[in-house]
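Read the structure below first, then the notes.
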Amino acid sequence: MTEPSAESPADKLARATPPRVARRIRGLSDRAIAWIFVAPSIFLLLAVNIFPLIWTINLSFTNFRANRNREVEYIGLRNYERILTDSDIWLTMQATAHFLFWTIFFQVLIGFTLAWLINRKFRGNDLWTTIIVLPMMLSPAVVGNFWTFLYQPQIGLFNYVVSFFTGVDPSSFSMIGQVNLAPWSIVIVDTWMWTPFIMLICLAGLRSIPDYIYEAAEVDRASKWRQFWTITIPMALPFLMLAVLFRGIENFKMFDLVVQLTGGGPGSVTELTSINLKREAFEKWRTGYASAYAVILFVTVFGLASIYVKALNKVKER
Amino acid sequence: MRRTTLWAATALTAAAASGAQAEDLTLCWAAWDPANALVELSKEFEAQSGHTMNFEFVPWPNFADRMLNELNSGGKLCDLLIGDSQWIGGGAENGHYVKLNDFFEAEGISMDDFAPATVYAYSTWPKGTPNYYALPAMGDANGWFYRKDWFTDPEIMAAYKEATGDDLREPQTQQELLQIAQFFQGREIDGQTRYGAAIFTERGSEGITMGATGALYTFGFKYENEPGSYDMEGAVNSPEAVAGLEFYKELYKTATPPGYTDSYMEQGLDAFKSGQVAMAMNWFAFFPGLYADPTTGGDKIDFFVNPPQNQAASTLGGQGISVVAYSDKQDAALEYIKWFAQPDVQAKWWALGGYSAHNSVLNDPGFPDSAPFAGDFLLAMENVQDFWQEPAYAELLLAMQKRLHDYIVADVGTAQEALDKLIEDWTETFEDEGKL
């Protein structure tokens, strides 16, 4: 006698279906049924992700322009050669690297500090947490729009705050209009908006550290400083690294906030790769060239992310 | 063959004229003052034809993106499109616009009835050939306006005389414009700090190119040594062009409001209407609205054509109206164009605030006095110059936007280097296009 619990999922399914279908399903293996259920998702994935990727790679070797009715020619690696030898492209790469490095640096620094402070039990703890996470609930387009007003040299609050603390004339500088300040203006806004995200992840990490570890350290008379460096940081590190990965990928493809704030200017100093790519693909309509550009960016992000995830796994294993 | 197509066009227009079927037509254009005037004007067409007019107006910064995407995807949103002058090459070569020659011939619409500069710029492709893809719809050029009340204030006039030795007046040259703008920069008037001029510096679409070319053309900038040759060396980067670019940078650096780094039409209008600046550049299309403005219009404002330097020149704006090739309602759309081309409709168009390009309006003896800016408009249209109208115009424009903004606003390199790099960019584009 067979126990009902020993029935395979296929048998259960077959018993619940009308006889003819059941007979057919009984003839299938578990693996085949699994494939039947997974196939629509795989098909969708292939259609939406994999096929466009392969098609993009194919286009990257052509001179195709989506706005022209002319014959498409295969031009080999010419698009790749052009991109990799174009000094303007390297400048946008530099602008992206600057943005990426400093936003992550400040967000980790401030986000972890805030998480550490919030993790200490005090009155109004929940209220402060809610207030701190408010910026990340806003739309990037809205944030970009109101920060352009805050940065306005004549009426902007930001300039007046800087003026209050430094005595500098508020209309004497323009955060989004000056070459030396504009890259920092986008770093400030992104940090303001996304530090709470890092804070929340770090907070989860800090709260996952059992109290008894600190109690044991207290018994061993370890100083607070030593506890911080030998318990808090190592145990929160996987969470912190995960947060950095998320923000790194997000900021590499940053578009909306920066377009709203500076439009890539002044000149091209805040023209990140995503903005530059959009211009090539959908304003200049150099589809083949833009495809090659997208492939280069994809390989860069994929490569860096893979290396990073390996490092993250090693940290988690420790 | 020619007779066959003529017959086809005649049959087509006859069917349209019979008004056999009332259609819902959609006209696409930019969202700005003249568009509102066109809505008002089109009510007459609706009453006469039985067709219903719908309008799709897109703000200028997104207009090109939105409409060119629509055309490139073969979209049927627009039956009629008032597209920018630079789109004519792409519209014709990529098959987006219906060629109108047979229709014009069948309906007796003559391009000789329109101002030659507008026909050349808005209708023909290849340039200057009698191949028409649009009817001149809205004549326009970049002009200037200023605070007449400040220019005629005795105290300010005396201060200007003392500071410069000259009389304060409408600028007669680009250098005089700069001198006046610098005089007003940071000046206290009625207890507020004012600035010299609002100019175009926008990076994203076409702003800084449209503004800077206003100076460049007057100094002697040319796109090619010989029209149609694509020979740019010595024309684009001539000593005169370099001087013109340096001039525009000086105007930007020494005579514009603080933070004026990404400004186009709207920002310029705001700067003037809020009393920030003494002068501003903008398209003539906005002038009726500016004159009617209760705060800074009326007797507080006056207008002048872009001042010459080495030669008279103005940057061309304006558009022609085309029938979109993907429309299923081309008959009704052609009917609209036929109606719009009539002299009495063109006269109403001007009266409502649109800039007619029809000779019957422009050559009317009363035209120069019909509005405070009408005479300047005529002057401007005599010497207009337009950007490349090639099918690859967007690529050419974005290259110029980048090089100009890099030099003027972001202080990258010299004017000579900016124009040299521009030639490199344009050469690459024309090579890709197979024209070099």
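Check segment A:75-92 and report whether any residue there is under 30 Å from residue B:391 (Cα atoms), in contact with a Pro (Cβ under 8 Å, 6 or more places away or on another chain) and surrounded by 16 or more Cβ atoms within 10 Å (Cβ to Cβ).
To start, the set of residues in segment A:75-92 that are under 30 Å from residue B:391 (Cα atoms) comprises A:75-92.
With in contact with a Pro (Cβ under 8 Å, 6 or more places away or on another chain) added as a condition, the list becomes none.
Checking segment A:75-92: not a single residue is under 30 Å from residue B:391 (Cα atoms), in contact with a Pro (Cβ under 8 Å, 6 or more places away or on another chain) and surrounded by 16 or more Cβ atoms within 10 Å (Cβ to Cβ).
Please specify each residue of segment B:31-77 satisfying the condition of being away from every other protein chain (no Cβ under 11 Å), among the hydrophobic types (A, V, I, L, M, F, W, C) and under 18 Å from the mean Cα position of the chain (by Cα).
Correct list: B:31, B:32, B:35, B:37, B:38, B:57, B:58, B:60, B:63, B:67.
All but one of (1) under 28 Å from residue A:290 (Cα atoms); (2) β-branched (Val, Ile, Thr); (3) surrounded by fewer than 21 Cβ atoms within 10 Å (Cβ to Cβ) hold for residue B:414; state the number of the condition that does not hold.
Residue B:414 satisfies every listed condition except (1).
Residues are listed down the side, and each one gets a yes or a no for (1) under 30 Å from residue A:93 (Cα atoms); (2) assigned to a helix (DSSP H, G or I):
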| position | (1), (2) |
| --- | --- |
| A:218 | no, yes |
| A:221 | no, no |
| A:229 | no, yes |
| A:234 | no, yes |
| A:238 | yes, yes |
| A:242 | yes, yes |
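Yes or no, residue by residue, for (1) more than 14 Å from every other protein chain (Cβ to nearest Cβ); (2) on the phi < 0 side of the Ramachandran plot; (3) among the β-branched types (Val, Ile, Thr); (4) without any contact (Cβ under 8 Å) to a residue 60 or more places away in the chain:
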{"residue": "B:259", "(1), (2), (3), (4)": "no, no, no, yes"}
{"residue": "B:277", "(1), (2), (3), (4)": "no, yes, yes, no"}
{"residue": "B:302", "(1), (2), (3), (4)": "yes, yes, no, no"}
{"residue": "B:322", "(1), (2), (3), (4)": "yes, yes, no, no"}
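Filter segment A:245-260 down to residues that are more than 10 Å from every other protein chain (Cβ to nearest Cβ) and within 18 Å of residue B:207 (Cα to Cα), then give me how many there are.
Number satisfying all stated conditions: 1.
How do the pairs read when you match residues in segment B:212-231 that are of a type in the set (Lys, Arg) with residues anywhere that are buried (at least 17 other Cβ atoms within 10 Å of the Cβ), using Cβ under 8 Å and keeping only pairs 6 or more apart or on different chains?
Pairs that qualify, where the first residue is of a type in the set (Lys, Arg) and the partner is buried (at least 17 other Cβ atoms within 10 Å of the Cβ), are B:222/B:235; B:222/B:236; B:222/B:238; B:222/B:241.
Filter segment A:197-212 down to the residues that are touching a residue at least 24 places away in the same chain (Cβ under 8 Å) and in a helix (DSSP H, G or I) and list them by number.
So the first thing to find is which residues in segment A:197-212 are touching a residue at least 24 places away in the same chain (Cβ under 8 Å), and the list is A:197-209.
Matches in segment A:197-212: A:197, A:198, A:199, A:200, A:201, A:202, A:203, A:204, A:205, A:206, A:207.
Is it fair to say residue B:396 is away from chain A (no Cβ under 14 Å) and among the aliphatic types (A, V, I, L, M)?
Taking the combined requirement at face value, the residue does not satisfy it.
Given B:364, B:425, which one is out of contact with any strand residue (DSSP E or B) (no Cβ under 9 Å at 6 or more places or on another chain), of a type outside the set (Ser, Thr, Tyr) and within 14 Å of another protein chain (Cβ to nearest Cβ)?
Just one listed residue meets the conditions, B:425.
Checking residue B:55 against (1) modelled with pLDDT of 90 or more; (2) in a helix (DSSP H, G or I), which single condition isn't satisfied?
The failed condition is (2).
Say we look at segment A:263-281 and pick out the residues that are out of contact with any helix residue (DSSP H, G or I) (no Cβ under 7 Å at 6 or more places or on another chain) and more than 7 Å from chain B (Cβ to nearest Cβ); which of these is nearest to residue B:398 (Cα to Cα)?
Here the residue is A:278.
So which residues in segment B:95-127 are farther than 19 Å from residue B:362 by Cβ and either in contact with a helix residue (DSSP H, G or I) (Cβ under 6 Å, 6 or more places away or on another chain) or surrounded by 19 or more Cβ atoms within 10 Å (Cβ to Cβ) (or both)?
If the condition is that a residue be farther than 19 Å from residue B:362 by Cβ and either in contact with a helix residue (DSSP H, G or I) (Cβ under 6 Å, 6 or more places away or on another chain) or surrounded by 19 or more Cβ atoms within 10 Å (Cβ to Cβ) (or both), then B:96, B:97, B:98, B:100, B:102, B:103, B:104, B:106, B:107, B:125 are the ones that fit.
Those residues that are free of Cβ contacts under 8 Å to residues at least 24 places away in the same chain, part of a helix (DSSP H, G or I) and either in contact with a Ser or Thr (Cβ under 9 Å, 6 or more places away or on another chain) or aromatic (Phe, Trp, Tyr) (or both), I need them from segment A:60-102; list them, please.
Of everything in segment A:60-102, those that are free of Cβ contacts under 8 Å to residues at least 24 places away in the same chain, part of a helix (DSSP H, G or I) and either in contact with a Ser or Thr (Cβ under 9 Å, 6 or more places away or on another chain) or aromatic (Phe, Trp, Tyr) (or both) turn out to be A:90, A:101.
Of all residues in segment B:310-335, which are crowded, with 21+ Cβ neighbours inside 10 Å, within 18 Å of residue B:223 (Cβ to Cβ) and not aliphatic (A, V, I, L, M)?
Within segment B:310-335, B:314, B:315, B:317 meet the criteria.
Counting just the residues of segment B:367-393 that are polar (S, T, N, Q) and assigned to a loop (DSSP other than H, G, I, E, B), which one comes out farthest from the other protein chains (Cβ to nearest Cβ)?
Among those that are polar (S, T, N, Q) and assigned to a loop (DSSP other than H, G, I, E, B), it is B:370.
Looking at segment B:165-182 only, could you name the residues that are assigned to a loop (DSSP other than H, G, I, E, B) and at negative phi?
Passing the criteria: B:166, B:167, B:168, B:169, B:170, B:171, B:172, B:173.
Considering only segment B:266-289, state which residues are of a type outside the set (Phe, Trp, Tyr) and in contact with a strand residue (DSSP E or B) (Cβ under 6 Å, 6 or more places away or on another chain).
B:268, B:271, B:276, B:277, B:278, B:279, B:280, B:281
Is segment A:219-235 home to any residue that is surrounded by 15 or more Cβ atoms within 10 Å (Cβ to Cβ), free of Cβ contacts under 8 Å to residues at least 24 places away in the same chain and of a type outside the set (A, V, I, L, M)?
Checked against the condition, which is being surrounded by 15 or more Cβ atoms within 10 Å (Cβ to Cβ), free of Cβ contacts under 8 Å to residues at least 24 places away in the same chain and of a type outside the set (A, V, I, L, M), segment A:219-235 yields at least one hit.
Name the one entry in B:278, B:312, B:285 that is of a type in the set (Gly, Ala, Ser), modelled with pLDDT of 95 or more and farther than 13 Å from residue B:174 by Cα.
Values: B:312 fails: farther than 13 Å from residue B:174 by Cα; B:285 fails: modelled with pLDDT of 95 or more.
Answer to the check: B:278.
Would you confirm, using the coordinates I've provided, whether residue B:91 is farther than 29 Å from residue B:292 by Cα, modelled with pLDDT of 90 or more and either within 14 Å of another protein chain (Cβ to nearest Cβ) or touching a Leu at 6+ places or on another chain (Cβ under 6 Å) (or both)?
Answer is yes for this residue.
The values are calculated or read from the model by the stated rules, or taken from the named source; none is laboratory data. What you are looking at is a predicted structure, and each value in this text was computed from that prediction instead of being measured. Counting neighbours? That spans all protein chains shown, and the Cβs are built from the backbone with ideal geometry, glycine included.
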